[in-house]
1. Hey, any idea what Rg/Rh is for the range 87-138, computing Rh the Kirkwood way over Cα pairs?
2. Per residue, how much accessible surface does the range 24-90 expose to a 1.4 Å probe? Answer in Å², no decimals.
3. Take each of the peptides 84-93, 38-47, 61-70, average the number of other beta-carbon atoms within 10 Å over its residues, and list them starting from the highest.
4. Take residue 91 and residue 45, extend 7 Å from each Cα along the Cα→Cβ direction, and tell me the distance between the two endpoints in nm.
5. To the nearest 10 square angstrom, how much accessible area does residue 96 have with a 1.4 angstrom probe?
6. Using only the alpha-carbon atoms of the range 36-77, report the extent along each of the three principal axes, biggest first, to the nearest angstrom.
7. For residue 31 paired with residue 135, estimate the spin-label separation in nm (one decimal), with each label point 7 Å from Cα along the Cα-to-Cβ line.
8. Excluding ligands and nucleic acids, what accessible area in Å² is computed for residue 56 using a 1.4 Å probe, to the nearest 10?
Amino acid sequence: MTNQAPRYALSLLLASLILTLSLPAVAGETRYGKTLPDGCRCEIVFAADPLTTMTEIPFAITLTEANGVLPSDATLTVSLNMPAMPMPPNRPVTRWSGDAYRGTAVFTMAGAWQVQVRIERPGNTPHEITFEVAEVRM
């Protein structure tokens with residue numbers, strides 16, 4: 001019978017290394033929020049921290065009215081822009097899913113970005129919010 005301890009130790013070391021290297025890609029989130037003049041709160045949460053270029057990053061946008069209701073009747077238009085330079089249109093589609101409007105963002109360059117969200121709801125004045133993203137990394 002052979003000693004399995006060296007194989008076991010090597011397997012454990014390799015599994016630990018793979019887990020350690022993959023955690024930064026899935027760990028953390030980047031969150032921004034603002035309150036609208038009508039008292040509704042808009043929050044966007046990217047499923048990555050830090051935000052990186054050329055990566056599909058899922059995001060969720062929640063709207064919470066002052067009374068705590070999560071409205072699902074809004075139409076959201078999201079635009080990703082770099083204020084420092086002209087960019088081609090970058091408008092991820094959002095859809096209501098469960099408890100938030102969800103989409104996937106791709107930041108095409110490193111640097112500072114703006115996320116502009118236009119919120120249109122039946123019977124309400126449209127709102128536009130801009131979130132300042134200080135840094136997207138390569």
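1. A ratio of 1.02.
2. Value returned for the range 24-90: 53 Å² of accessible area per residue.
3. Descending mean neighbour count gives 38-47, 61-70, 84-93.
4. Between residue 91 and residue 45, the label points sit 2.7 nm apart.
5. We get 90 Å² for residue 96.
6. Principal extents (Cα only, largest first): 37, 18, 16 Å.
7. 2.1 nm
8. Taking all protein chains as shown, residue 56 has close to 140 Å².
The values are calculated or read from the model by the stated rules, or taken from the named source; none is laboratory data. These figures come from a predicted structure and were not determined experimentally. Cβ: placed from backbone, ideal geometry, glycine included. Neighbour counts: every protein chain shown. Just the protein is used for accessible areas: all its heavy atoms, side chains included, with ligands, DNA and RNA removed. Shrake-Rupley method; radii C 1.70, N 1.55, O 1.52, S 1.80 Å.
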